[in-house]
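Reading through the structure tokens given below for one structure.
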Amino acid sequence: MALEDAKTQVDQAFTRETSHGLSYENTFGGALSFARRRYSKDLSGVDLAITGVPFDQSVTNRPGTRLGPRAIREASALQVFDPPYGWDGYDPLSSLSIVDYGDLAFDYAKISEFPEALIAHVRGILEAGAATITLGGDHYISLPILKAYAEKFGPVALVQFDAHSDTWVDDDMGRIDHGTMFYKAVKLGLIDVERSVQVGIRTVNPDTMGIATIDAREVHLKGPVNTASKIRDIVGNSQVYMSFDIDALDPAFAPGTGTPVWGGLTSAQAAIMLRDLAGINLLGGDVVEVSPPFDTTGATAIAGAHVAMEMLCLWGWTRR
Ligand SMILES: [Mn+2]
């Protein structure tokens with residue numbers, strides 16, 4: 001049946017008639033959207049809006065994540081023929097109303113205006129009653145997104161997968177930096193630090209701002225099942241925002257990123273942990289730091305697309 005459909009379905013990004021259901025368009029052709037969802041600015045009845053933020057002007061090293069949303073959309077085209085593996089048949093694409101809301105538009109030459117543009121973008125989606133899964137973009141984008149979430153929900157529990165804490169001291173609130181935004185998020189009261197955790201860390205930062213750390217070594221030594229259990233214990237029933245920096249993965253699994261660090265998570269460890277977080281109260285999330293120019297095999301975008309799909313599962317699982 002699916003093969004027959006592949007002969008007739010095309011450009012589902014524009015032609016699909018419902019925001020629910022799997023898709024059988026040929027993987028290698030057609031207009032791209034995330035998971036072959038329909039592009040739409042109409043959020044009535046929509047559960048989840050996938051949106052891209054192609055911004056990479058706050059990086060400390062290699063750029064390129066402005067091309068991340070496109071690459072993740074392309075990689076996601078392979079994940080829409082069947083329900084995601086390992087979720088007992090649960091299929092967020094069929095259960096939830098999901099659209100690709102497209103990318104944030106912003107003036108690349110007016111960087112100081114970017115944060116407010118992104119806050120307004122996410123605020124508008126949240127006000128319409130949908131949640132967001134955002135495709136980055138560099139990691140700075142999490143700060144404006146968190147501001148919009150905190151406006152609506154109050155301080156959120158942050159579950160951050162990352163090689164870096166990104167809580168380095170930076171009291172100049174006008175600086176736009178992808179290594180200090182969680183310092184600012186804590187200072188601004190956007191994060192419930194008691195219920196937050198950073199996973200996969202393998203760079204030194206003595207001050208975690210009170211956020212719990214599960215470093216990469218601990219994940220390797222204790223394993224992903226125990227780690228997921230520890231994460232669930234920390235967040236409890238809190239409202240969770242998940243930020244997944246693809247550099248949480250080892251450069252062997254995600255070479256296409258700006259600030260790679262060895263000794264990272266395997267993609268299998270990440271897959272097990274995300275699945276085992278089923279039941280957390282996820283409000284929204286982002287996948288950031290996928291840099292296609294350094295992603296010579298496309299593996300990093302594939303990982304990013306899988307992470308985003310797992311976020312759809314986590315969001316829907318609790319509400320199924
Ligand atoms: Mn990082």
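The figures follow:
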{"read-out": "Ellipticity estimate at 222 nm from DSSP helix runs (n ≥ 4, -39,500 (n - 2.57)) divided over the chain, nearest 500", "value": "-9000 deg cm²/dmol"}
{"read-out": "Listed residues 158, 188, 135, most fluctuating in the chain (Gaussian network, C-alpha, under 10 Å)", "value": "188"}
{"read-out": "14 Å beta-carbon shell around residue 101, net charge (K/R +1, D/E -1)", "value": "-1"}
{"read-out": "Global geometry of region 89-217, whether rounded, prolate or oblate, following the gyration tensor of its Cα atoms and the 1.5 cut on a/c", "value": "oblate"}
{"read-out": "Selection from 292, 154, 29 lying farthest towards where the dipole of region 2-317 points positive, charges on Cβ", "value": "154"}
{"read-out": "Global form of region 1-123, assessed from the alpha-carbon gyration tensor, a/c cut-off 1.5", "value": "prolate"}
{"read-out": "Residue 127-residue 57 pseudo-label distance in nm [points 7 Å out on the Cα-to-Cβ vector]", "value": "2.5 nm"}
{"read-out": "Mean Kyte hydropathy of 0.0 or more with a Cα span along the axis of at least 24 Å, helices from DSSP in the chain", "value": "299-317"}
{"read-out": "Most positive-pole-ward Cα, 220, 210, 85, against dipole of the chain from beta carbon charges", "value": "85"}
{"read-out": "Listed peptides 298-304, 174-180 by packing density, highest first (mean Cβ within 10 Å)", "value": "298-304, 174-180"}
{"read-out": "Charge dipole (debye, nearest 20) of region 2-317; +1 at Cβ of Lys and Arg, -1 at Cβ of Asp and Glu", "value": "100 debye"}
{"read-out": "FRET efficiency, residue 268 to residue 3 (Cβ-Cβ, R0 35 Å, nearest 0.05)", "value": "0.75"}
{"read-out": "Highest average packing first - 278-289, 309-320, Cβ atoms within 10 Å", "value": "278-289, 309-320"}
{"read-out": "Rounded FRET efficiency, nearest 0.05, which uses the C-beta distance separating residue 188 from residue 85 and R0 of 45 Å", "value": "0.70"}
{"read-out": "Net charge contributed by nearby residues that have their C-beta within less than 9 Å of residue 119 (K/R +1, D/E -1)", "value": "0"}
{"read-out": "Qualifying trypsin sites (Lys or Arg not before Pro) for region 28-59 [loop in DSSP, other Cβ within 10 Å: at most 11]", "value": "41"}
{"read-out": "Sorted peptide list for 85-92, 52-59, 231-238, 139-146, criterion being average Cβ within 10 angstrom, highest first", "value": "139-146, 52-59, 231-238, 85-92"}
{"read-out": "Prolate/oblate/rounded call for the chain, Cα gyration tensor, a/c under 1.5 rounded", "value": "rounded"}
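Computed from the coordinates by the stated procedures, all read-outs in this text should not be read as laboratory data. A quick note: this is a predicted structure, and the numbers were derived from the prediction, not measured. We place every Cβ from the backbone using ideal geometry, glycine too, and count neighbours over all the protein chains shown.
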